[in-house]
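Peer 1: The structure's right below; bear with me while I get my questions together.
The values are calculated or read from the model by the stated rules, or taken from the named source; none is laboratory data. Remember, it's a predicted structure, so these values are computed and weren't measured experimentally. Cβ placement follows ideal geometry from the backbone for every residue including glycine, while neighbour counts extend to all protein chains displayed.
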């Protein structure tokens with residue numbers, strides 16, 4: 001099927017080492033060292049069944065090892081060998097002399113400390129860390145570097161998650177409507193933590209807060225207080241609370257009760273640099289709470305803008321707050337007065353968060369302006385802007401045809417980097433379509449230099465480009481086209497369908513998540529082109545399948561008309577909702593010669609009743625998701641025909657295209673039903689079930705399974721598209 005270079009590439013892809021985007025990198029305050037976590041994309045262990053390993057480590061720590069690299073020499077050390085245990089969430093001491101991180105060496109998750117010049121890291125076993133997926137759950141230092149504050153398991157529950165993944169033969173479900181879904185009160189119990197203070201000299205633990213299901217601690221710059229919010233309370237409108245804790249002990253002091261939030265999205269407070277006040281957002285508006293005051297006061301600046309709760313920072317002098325509007329604008333709001341300043345941004349620039357050192361709540365200010373990473377909306381080139389605080393015109397400091405963001409928790413993307421407080425040294429991840437992500441460094445006005453080489457010699461010659469097209473109904477859209485180098489057009493083409501994931505943003509990515517685990521690099525090496533159109537999930541009263549089929553057809557027509565895709569050699573691939581969209585299209589056309597489907601939904605009446613046990617709590621969120629996908633107001637008992645019309649299984653006799661189904665260990669009743677039905681109809685179909693791999697798709701499968709499934713789906717596509 002493929003030549004030797006393709007087989008070599010397949011081996012490299014299965015052994016790919018990547019930066020762990022779920023764990024922020026940490027640049028030492030002096031700019032000399034950068035700490036970060038790496039992992040094998042497809043290592044020796046798979047994603048844990050319940051999201052946690054027997055040690056209590058979160059699945060987000062899968063295969064992670066903390067490394068430290070000298071930003072001047074590029075010399076790298078491993079803080080804790082992976083053979084000893086997983087390690088993640090690095091955090092530097094204020095004096096840059098020590099690095100704190102979490103690790104599960106010894107059978108449980110503890111705080112570890114690595115000091116420069118030491119051969120081994122020291123473990124602090126007094127506290128069992130409560131592992132969660134929150135980005136702010138890193139160790140937090142006291143200003144003098146003598147103590148570290150961490151989320152710890154509540155007393156009596158230290159062993160609750162350790163060894164919990166036991167593969168028991170019986171799972172007992174119980175629940176009511178109030179406990180359905182992942183927004184239930186059970187989440188507070190499962191994810192809540194006490195705030196623990198670990199004395200680094202004695203190794204002793206002191207609990208500052210018990211009984212409250214708190215999330216990440218935020219230590220004040222003077223070291224006297226900790227601001228923390230509780231996890232969301234379930235219900236139709238989830239809320240959380242904000243408290244202050246004295247580092248000397250005492251009862252929690254309420255700051256704000258009933259803040260809008262969720263179990264996966266919370267407000268991060270920001271301490272004023274002098275430690276005398278903390279800022280937070282309520283309903284998109286900023287408030288400031290003075291320590292010792294009875295109530296919080298809203299900022300009085302006259303701004304007709306609602307602010308995004310994912311960015312809140314102070315200027316280094318504590319005189320103003322910096323905020324990001326929900327429309328993508330940036331603002332400086334004075335702590336006193338009404339003269340708000342809208343910061344200038346170039347037209348067509350999609351901004352992320354302005355740079356902010358990982359160790360504090362003050363923004364990185366360089367030459368009286370913010371350093372703002374972002375992307376040119378048209379070309380997708382990455383930029384770093386200098387945006388003056390007085391609102392005058394921004395300037396582009398540098399621009400690269402690369403992606404500088406990595407995927408974090410819950411399928412969100414963030415700028416993966418860190419900077420010193422003055423912006424003099426910046427370290428960031430850089431990825432292109434030709435090579436995977438590595439860390440790069442810029443110091444002052446000097447040119448960027450590469451710090452890491454995680455996959456030596458791995459470079460491909462693929463071509464990527466953005467293609468504009470028109471969806472059904474005349475709506476403009478854009479997609480990402482991958483083509484082989486030096487091959488005559490038109491190409492045999494695989495159309496990868498993933499609704500609502502905006503694949504055009506992956507122009508400069510080596511292994512885009514929007515490819516749903518189908519490894520376009522390998523498909524290109526096998527002589528195929530890959531077309532990833534931006535398809536939106538339909539809304540309104542009509543059937544979803546009809547709208548999706550029309551849009552996929554329009555997207556395919558666009559690359560055929562442009563001469564890129566061979567109209568007689570077209571195939572489809574999709575995962576989840578993308579696989580459903582493919583099924584909806586196949587019952588309406590036999591235009592495509594082959595299909596690969598992973599974890600598709602083909603029967604919404606069955607999917608509605610899908611149930612999982614997550615740490616003993618019933619998760620019925622599939623029912624709510626199902627209703628949202630097809631526009632139903634209730635379950636199938638209220639509108640049975642809507643469920644039938646939107647389910648490809650009930651029109652299976654119309655499908656004549658050869659289909660390959662991919663499934664992991666998790667039950668795959670949808671794929672099995674589709675496969676069995678096609679076999680009964682005498683159609684060509686195959687089902688590849690990887691029973692030792694966790695999850696429905698090969699995103700985190702182990703290397704042997706990943707290599708086999710990547711080869712298998714490529715072989716299937718090449719076989720049917722040949723000639």
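Peer 1: With respect to residue 512, determine if the residue is surrounded by fewer than 23 Cβ atoms within 10 Å (Cβ to Cβ), assigned by TED's automatic domain parsing to the domain that holds residue 588, touching a strand residue (DSSP E or B) at 6+ places or on another chain (Cβ under 8 Å) and closer than 24 Å to residue 718 by Cβ.
Peer 2: Details: surrounded by fewer than 23 Cβ atoms within 10 Å (Cβ to Cβ): no; assigned by TED's automatic domain parsing to the domain that holds residue 588: yes; touching a strand residue (DSSP E or B) at 6+ places or on another chain (Cβ under 8 Å): yes; closer than 24 Å to residue 718 by Cβ: yes.
Answer is no for this residue.
Peer 1: Here are some conditions: (1) at pLDDT 90 or above; (2) over 30 Å from residue 132 (Cβ atoms); (3) in contact with a strand residue (DSSP E or B) (Cβ under 8 Å, 6 or more places away or on another chain). Residue 421 meets all but one. Which one does it not meet?
Peer 2: Failing condition for residue 421: (2).
Peer 1: Across segment 462-491, what is the total count of residues that are closer than 29 Å to residue 6 by Cα, within 29 Å of the chain's Cα centre (by Cα) and in contact (Cβ under 8 Å) with a residue 60 or more places away in the chain?
Peer 2: 6
Peer 1: Just to be sure before I move on: is residue 561 at pLDDT 95 or above and either surrounded by fewer than 23 Cβ atoms within 10 Å (Cβ to Cβ) or under 24 Å from residue 639 (Cα atoms) (or both) in the structure I sent?
Peer 2: In short, yes.
Peer 1: Looking at 386, 366, can you tell me which residue is at pLDDT below 90, more than 21 Å from the chain's Cα centre (by Cα) and surrounded by 16 or more Cβ atoms within 10 Å (Cβ to Cβ)?
Peer 2: On the way: 386 fails: at pLDDT below 90.
Unique residue meeting the criteria: 366.
Peer 1: Still on this structure: Hey, does segment 350-359 have a residue that's assigned to a strand (DSSP E or B) and either surrounded by fewer than 20 Cβ atoms within 10 Å (Cβ to Cβ) or on the phi > 0 side of the Ramachandran plot (or both)?
Peer 2: For segment 350-359, residues assigned to a strand (DSSP E or B) and either surrounded by fewer than 20 Cβ atoms within 10 Å (Cβ to Cβ) or on the phi > 0 side of the Ramachandran plot (or both): present.
Peer 1: Just checking, does segment 491-498 include any residue being buried (at least 24 other Cβ atoms within 10 Å of the Cβ) and in a loop (DSSP other than H, G, I, E, B)?
Peer 2: yes
Peer 1: Suppose we filter segment 567-581 for residues that are in contact with a helix residue (DSSP H, G or I) (Cβ under 8 Å, 6 or more places away or on another chain) and more than 17 Å from residue 715 (Cβ to Cβ); how many remain?
Peer 2: 6
Peer 1: Any idea which residue in segment 524-568 is nearest to residue 472 (Cα to Cα), counting only those that are part of a strand (DSSP E or B) and touching a residue at least 40 places away in the same chain (Cβ under 8 Å)?
Peer 2: Ranking the qualifying residues of segment 524-568, first place goes to 533.
Peer 1: For segment 669-710, what are the residues that are over 26 Å from residue 650 (Cα atoms), out of contact with any helix residue (DSSP H, G or I) (no Cβ under 6 Å at 6 or more places or on another chain) and either outside any loop (DSSP other than H, G, I, E, B) or at pLDDT 95 or above (or both)?
Peer 2: 704, 705, 708, 709
Peer 1: Still on this structure: For the subset of segment 638-668 comprising residues that are assigned to a loop (DSSP other than H, G, I, E, B) and at pLDDT 95 or above, which member is nearest to residue 606 (Cα to Cα)?
Peer 2: 655
Peer 1: Could you please let me know if residue 235 is farther than 17 Å from residue 152 by Cα, at pLDDT below 95, over 29 Å from the mean Cα position of the chain (by Cα) and surrounded by fewer than 16 Cβ atoms within 10 Å (Cβ to Cβ)?
Peer 2: When the stated conditions are applied, residue 235 does not pass them.
Peer 1: Out of (1) modelled with pLDDT of 90 or more; (2) out of contact with any helix residue (DSSP H, G or I) (no Cβ under 6 Å at 6 or more places or on another chain), what's the single condition that is false for residue 546?
Peer 2: For residue 546, the exception is condition (1).
Peer 1: Go through (1) under 20 Å from the mean Cα position of the chain (by Cα); (2) outside any strand (DSSP E or B) and name the single condition residue 421 misses.
Peer 2: Checking residue 421 against (1) under 20 Å from the mean Cα position of the chain (by Cα); (2) outside any strand (DSSP E or B), the one that fails is (1).
Peer 1: Follow-up. Can you name the number of the only condition in (1) at pLDDT below 85; (2) in contact with a strand residue (DSSP E or B) (Cβ under 6 Å, 6 or more places away or on another chain) that residue 600 fails?
Peer 2: (2)
Peer 1: Additional query: Kindly indicate whether any position in segment 15-28 is within 26 Å of the chain's Cα centre (by Cα) and under 30 Å from residue 719 (Cα atoms).
Peer 2: Yes, segment 15-28 contains a residue that is within 26 Å of the chain's Cα centre (by Cα) and under 30 Å from residue 719 (Cα atoms).
Peer 1: For the subset of segment 494-508 comprising residues that are more than 17 Å from residue 551 (Cα to Cα) and in contact with a helix residue (DSSP H, G or I) (Cβ under 9 Å, 6 or more places away or on another chain), which member is modelled with the highest pLDDT?
Peer 2: Among residues in segment 494-508 that are more than 17 Å from residue 551 (Cα to Cα) and in contact with a helix residue (DSSP H, G or I) (Cβ under 9 Å, 6 or more places away or on another chain), the one modelled with the highest pLDDT is 506.
Peer 1: Same structure, new question: Any residue that is touching a residue at least 60 places away in the same chain (Cβ under 8 Å) and over 32 Å from the mean Cα position of the chain (by Cα) - is there at least one of those in segment 672-680?
Peer 2: No: segment 672-680 contains no residue that is touching a residue at least 60 places away in the same chain (Cβ under 8 Å) and over 32 Å from the mean Cα position of the chain (by Cα).
Peer 1: Here's something else I'd like to know. Does segment 612-625 contain at least one residue that is crowded, with 20+ Cβ neighbours inside 10 Å and at pLDDT 80 or above?
Peer 2: Looking through segment 612-625, none of the residues is crowded, with 20+ Cβ neighbours inside 10 Å and at pLDDT 80 or above.
Peer 1: Let me ask you something else. Checking residue 293 against (1) out of contact with any strand residue (DSSP E or B) (no Cβ under 6 Å at 6 or more places or on another chain); (2) more than 25 Å from residue 143 (Cα to Cα), only one condition comes out false. Which one?
Peer 2: Evaluating residue 293 over (1) out of contact with any strand residue (DSSP E or B) (no Cβ under 6 Å at 6 or more places or on another chain); (2) more than 25 Å from residue 143 (Cα to Cα) leaves (2) as the failure.
Peer 1: Here is a further query. Restricting to segment 522-533, name every residue that is in contact with a strand residue (DSSP E or B) (Cβ under 8 Å, 6 or more places away or on another chain) and either under 21 Å from residue 715 (Cα atoms) or surrounded by fewer than 24 Cβ atoms within 10 Å (Cβ to Cβ) (or both).
Peer 2: Matches in segment 522-533: 523, 524, 527, 528, 529, 530, 531, 532.
Peer 1: Another question about this same structure. Of the residues that make up segment 155-167, is at least one crowded, with 18+ Cβ neighbours inside 10 Å, within 30 Å of residue 222 (Cβ to Cβ) and at pLDDT 65 or above?
Peer 2: Checking segment 155-167: not a single residue is crowded, with 18+ Cβ neighbours inside 10 Å, within 30 Å of residue 222 (Cβ to Cβ) and at pLDDT 65 or above.
Peer 1: From the set of residues in segment 2-15 that are part of a loop (DSSP other than H, G, I, E, B) and surrounded by 14 or more Cβ atoms within 10 Å (Cβ to Cβ), which is modelled with the lowest pLDDT?
Peer 2: In this case the residue turns out to be 2.
Peer 1: Continuing with this model, one more query. All but one of (1) within 26 Å of residue 383 (Cβ to Cβ); (2) out of contact with any strand residue (DSSP E or B) (no Cβ under 9 Å at 6 or more places or on another chain) hold for residue 441; which doesn't?
Peer 2: Only one criterion is unmet by residue 441, namely (2).
Peer 1: Answer with yes or no whether residue 38 is in a loop (DSSP other than H, G, I, E, B), more than 29 Å from residue 715 (Cα to Cα) and outside the structural domain of residue 704 (by TED's automatic domain parsing).
Peer 2: So residue 38 fails the test.
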